[in-house]
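Chemist: Please see the structure below; I have some questions.
Just so it is clear, none of the values below were taken in a lab; they were calculated from the coordinates. None of these values were measured; they are calculated from a predicted model. Cβ atoms come from the backbone with ideal geometry, glycine included; neighbour counts cover every protein chain shown.
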Amino acid sequence: MSDLIVAVPRGALFSETLDLLERIGIDASEVRSNDRKLLFEDVGIVTMRPSDVPTYVAEGAADVGITGKDVLMEQSEREVYELLDLGYGACTMVLASVAGEDPMEEARRRLGIVRIATKYPKIAARHFAATGRQAEMIEVKGSVELAPLTGLVDGIVDLTATGTTLRENGLVVREEIVVCTARLIANPVAHKLKAAAIDELLERVRAA
Amino acid sequence: MTATDPTSAAPASAPTIHPIPSGTRDVLPDEMRELRAITARALEVFQAAGYGEVQTPALEYEDTLARGDVRGAPPAYRLFDEQGRVLVLRSDMTVPIARLVATRYASAEPPLRLCYLAHAYRGVRPQRAQPREFLQAGIELIGAPAPQGTAEALTLLCDVLDAVGLADYRIGFGDVGLYQALLDGFDVRDEARERILAELVTRDFVGLEREVGMLALPAGAAEQLVRVPQLRGGPEVLSGLDGPAGEAAEGLRGVHALLEPRVARRLIFDLGLVRELGYYTGAIFQVYDPALGVPIGGGGRYDELLGRFGRPLPAVGFALTVERLHVALAGEERGERA
């Protein structure tokens, strides 16, 4: 199994991913203690932001990787195998707007279109299209919660674990779009050429 | 500094940049020499095996490609001629050759052996670093049914990869009908079937398991529908398949039995293999190399395509993407991890 390169996401999924790797016998102690180093060749681990994991895995720079379903849905054009729902890191993709009377309702009624800020323009656009509503997506990179408070948009689509940040900014959840958990993905070529190693990894993760 | 290597020349003045369309590129002499070495070897191997080289127009009528069913490999460019007819730049060579065979070889005695070296053009999904124009080297063997025709194509595929010097390649080998037969066997139809196949095509086994789980199937059936498409490896993965899926497995075994050991050892049986083109009917294959994270090419049987053009003949073919083959060769030379 040591011949597999695993792409590990830093950020919210980092700690639980390292716990999982340790449970299946990969020594991740150096990865945990050194937050500047990115490549850990001895144990076959590369670390990166979660949204880069599908890129490295699709191109074969890593054989397998772990990232959130939200990232995979947003980058659905990346050709990777989605092998396993790891169950942890559960977050909900929600549509939210400021508390009180929903400003999205008024926008829809009077202007025919809702303006939405999000880091997930594809997921958001798909949700509005699937429910037959018109919306304009505004992609932001930083704190999405700011956008409706400043009047930039009528609502936001964002990922939330506990809803605390939304509440603290006076926002309420209007719709739940999808629950996202961590997924194990594989490069399509590695999935064939390293079938035994990948299947063994799958077995160990299922048993962990 | 030579005239053929402008990149090493110190610029006398800032260059004037003239853009080229997204997804296309220029090839300069150093790269071209290497590409030409590959394509020359490939054509030699094809011609030595009795495959005659053909050329077709880069432009086809849109109706021609629609007849061929190129879903999954949509054309990148459409234009109108002076009479308002819709023309497209071909998205592969198999459909133009099916047209050519029906029209120009209407009464020729099969089998027909044709090869080509040609550019194809595909619309690519946004944000993916993939060319819209790429060079394909391939063959079509028309009028040769399974399993002999398939075995001949696989053997030639290995011959050409050996001749260009690729060392560690493997060939994924499956059947487009196998999973369909499994679904038939468990009487999974209509919308549920479409949803399951959509998960398979997008390589999402988590979604596949979820969709299968939503059906009221006996435990054994559900287990098979989830497990079988994840099987890949030696011929042993074919055991345990019965009913209609067993027939497809029997077909793959039949081809395998005809192969020389040097070809057979390259195969990876893959029961979840899918190809993006819509015209495949039976055995399909895909070429992998450890030095490249994406397939180098592939092919398969298309026993019904010629019939759509009015000359019903069983057929099989493959195409290699020359640029990807070149990258894989360069990667193997650098000793990239296996």
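Chemist: Using a 10 Å cut-off on Cβ to Cβ distances, tally the other chain neighbours for every residue of B:283-290 and report the average as a whole number.
Modeler: Per residue, the number of nearby Cβ atoms from other chains is 2 on average.
Chemist: I'd like the Karplus ³J(HN,Hα) series for the range B:296-311: coefficients 6.51, -1.76, 1.60, θ = phi - 60°, whole numbers in Hz, and an x wherever there's a Gly or Pro.
Modeler: Whole-Hz 3J(HN,Hα) from phi for the range B:296-311: 8, x, x, x, x, 7, 9, 6, 10, 5, 4, x, 5, 9, x, 9.
Chemist: Would you mind pulling out the separation of the Cα centroids of the range B:298-338 and the range A:78-155, in Å?
Modeler: Taking the Cα centre of each part, the range B:298-338 and the range A:78-155 sit 42 Å apart.
Chemist: In the neighborhood of A:Glu105, defined by Cβ-to-Cβ distances under 12 Å, what is the net charge if each Lys or Arg adds +1 and each Asp or Glu adds -1?
Modeler: Net local charge, A:Glu105 excluded: +1.
Chemist: Same structure again: Could you check how many percent of all C-alpha pairs in the range B:91-242 are farther apart than 26 Å?
Modeler: 50
Chemist: Hey, what's the per residue convex hull volume over the C-alpha atoms of the range A:4-51, in cubic angstrom?
Modeler: Value for the range A:4-51: 70 Å³ per residue.
Chemist: Could you name the aspartates and glutamates in cross-link range of A:Lys37, using Cα to Cα under 19 Å and dropping any fewer than eight places away on the same chain?
Modeler: Cross-link targets: A:Glu16, A:Asp19, A:Glu22, A:Asp27, A:Asp52.
Chemist: Given charges of +1 on the Cβ of Lys and Arg and -1 on the Cβ of Asp and Glu, with all other atoms neutral, how large is the dipole of the range B:25-333 about its Cα centre, in debye to the nearest 20?
Modeler: 380
Chemist: Positive end of the dipole of the range A:1-154, charges at C-beta (+1 Lys, Arg; -1 Asp, Glu), about the Cα centre: which of A:Val153, A:Val80, A:Val8 has its Cα farthest in that direction?
Modeler: So the residue furthest toward the plus end is A:Val153.
Chemist: I'd like to know which of A:Ala125, A:Met93, A:Val179 lies farthest towards the positive end of the charge dipole of the range A:91-180, counting +1 on Cβ of Lys and Arg and -1 on Cβ of Asp and Glu.
Modeler: So the residue we want is A:Ala125.
Chemist: Using the Kirkwood radius built from alpha carbon pairs, what does the Stokes-Einstein equation give as D for the protein assembly as shown at 25 °C and 0.890 mPa s, in µm² per second?
Modeler: D, rounded to a whole number, is 94 µm²/s.
Chemist: Same structure again: One quarter of the convex hull surface, Cα atoms only: what value does that give for chain A in nm²?
Modeler: Over all viewing directions, chain A projects a mean Cα-hull area of 12.3 nm².
Chemist: Another question, if that's okay. What does the charge add up to near B:Met214, with Lys and Arg as +1, Asp and Glu as -1, over the other residues with Cβ less than 12 Å from its Cβ?
Modeler: Charge balance in the 12 Å sphere: -2.
Chemist: Here's a follow-up. For A:Leu86, what residues show an amide H to amide H distance below 5 Å, using hydrogens built from the backbone and excluding near sequence neighbours?
Modeler: Hits under the 5 Å cutoff: A:Ala182, A:Arg183, A:Leu184.
Chemist: How big is the antiparallel share of DSSP beta bridges in the protein assembly as shown, given as a percent to the nearest 5?
Modeler: Looking only at bridges with both residues in the protein assembly as shown, the antiparallel portion is about 75 percent.
Chemist: Right, here's the next one. What residues have an amide H closer than 5 Å to that of A:Val178, excluding those fewer than 5 places away on the same chain, when H is modeled at 1.01 Å from N in the peptide plane?
Modeler: A:Met93
Chemist: Using a Gaussian network model of chain B whose springs link C-alpha atoms within less than 10 Å, name the residue from B:Gly251, B:Gly310, B:Gly220 with the highest mean-square fluctuation.
Modeler: Of B:Gly251, B:Gly310, B:Gly220, the Gaussian network model singles out B:Gly220 as fluctuating most.
Chemist: Here's another thing I want to ask about it. Angle between the Cα long axis of helix A:121-130 and the longest principal axis of chain A, 0 to 90 degrees, nearest 10?
Modeler: 60
Chemist: By how many degrees, between 0 and 90 and to the nearest 10, does the Cα long axis of helix B:243-258 differ from the longest principal axis of chain B?
Modeler: 50
Chemist: Counting pairwise Cα distances across the range B:25-333, what percent come out greater than 35 angstrom?
Modeler: Above the 35 Å cut-off, the range B:25-333 has 20 percent of its Cα pairs.
Chemist: Give the angle, between 0 and 90 degrees and rounded to the nearest 10, that separates the Cα long axis of helix A:195-207 from the longest principal axis of the Cα atoms of chain A.
Modeler: 70
Chemist: Another one. Using the crude model of +1 on Lys and Arg Cβ and -1 on Asp and Glu Cβ, and no other charge, please compute the dipole size for chain A relative to its Cα centre, in debye to 20.
Modeler: Roughly 460 debye for chain A.
Chemist: Taking springs between alpha-carbon atoms closer than 10 angstrom, which of B:His119, B:His18, B:His256 fluctuates most in the Gaussian network model of chain B?
Modeler: Of B:His119, B:His18, B:His256, the most mobile in the Gaussian network model is B:His18.
Chemist: Out of all DSSP beta bridges in the range A:91-180, what portion is antiparallel? Express it as a percent rounded to 5.
Modeler: Expressed as a percentage, antiparallel bridges in the range A:91-180 total about 60.
Chemist: In addition: Which value in deg cm²/dmol, rounded to the nearest 500, describes the helix-derived mean residue ellipticity at 222 nm for chain B, given -39,500 (n - 2.57) per DSSP H run of n ≥ 4 and division by the residue count?
Modeler: It lands at -11500 deg cm²/dmol.
Chemist: Can you give me the long-range amide H partners of B:Leu313? Hydrogens built in the peptide plane at 1.01 Å from N, cutoff under 5 Å, separation of 5 or more residues or another chain.
Modeler: B:Leu306, B:Gly307
Chemist: Further, regarding this structure: Go through A:Gly170, A:Ile66, B:Leu154 and say which Cα lies farthest out towards the positive end of the charge dipole of the protein assembly as shown; charges sit on Cβ, +1 for Lys and Arg, -1 for Asp and Glu.
Modeler: The residue sitting most towards the positive pole is A:Gly170.
Chemist: Ordered by residue, what ³J(HN,Hα) values in Hz, to whole numbers, does the range B:88-101 give under the Karplus form 6.51 cos²θ - 1.76 cosθ + 1.60, where θ = phi - 60° and Gly and Pro are x?
Modeler: Using θ = phi - 60°, the values come out as 10, 7, 3, 9, 7, 9, 5, 5, x, 6, 4, 4, 4, 5 Hz.
Chemist: Please compute the Kirkwood hydrodynamic radius of the range A:91-180 from all pairs of different C-alpha atoms, in Å with one decimal.
Modeler: With all distinct Cα pairs of the range A:91-180 included, I get 12.8 Å.
Chemist: So if I take the centroid of the Cα atoms in the range B:20-66 and the same for the range B:241-285, what is the distance between those two points in Å?
Modeler: First find each Cα centre; the distance between them is then 27 Å.
Chemist: Filter the cross-link list A:Lys141/A:Lys192; A:Lys119/A:Lys194; A:Lys69/A:Lys141 down to pairs whose alpha-carbon distance in this structure exceeds 29 Å.
Modeler: Cα-Cα > 29 Å for A:Lys141/A:Lys192; A:Lys119/A:Lys194; rest within.
Chemist: In a GNM of chain A with a 10 Å cut-off on Cα contacts, which of A:Asp70, A:Asp35, A:Asp102 has the highest mean-square fluctuation?
Modeler: For chain A, modelled as a Gaussian network with Cα springs under 10 Å, the answer is A:Asp35.
Chemist: Restrict the search to the range B:145-230; then list the trypsin sites (Lys or Arg not before Pro) that DSSP places in a loop and that have at most 11 other Cβ atoms within 10 Å of their Cβ.
Modeler: Those satisfying the criteria are B:Arg189.
Chemist: Assigning unit charges at the beta carbon (Lys, Arg +1; Asp, Glu -1) and nothing else, what dipole magnitude in debye, to the nearest 20, does the protein assembly as shown show about its Cα centre?
Modeler: Dipole of the protein assembly as shown, to the nearest 20 debye: 780 debye.
Chemist: Restrict the search to the range A:1-99; then list the trypsin sites (Lys or Arg not before Pro) that DSSP places in a loop and that have at most 14 other Cβ atoms within 10 Å of their Cβ.
Modeler: Of the trypsin sites (Lys or Arg not before Pro), the ones in loops of the range A:1-99 whose Cβ has at most 14 other Cβ atoms within 10 Å are A:Arg36, A:Lys37.
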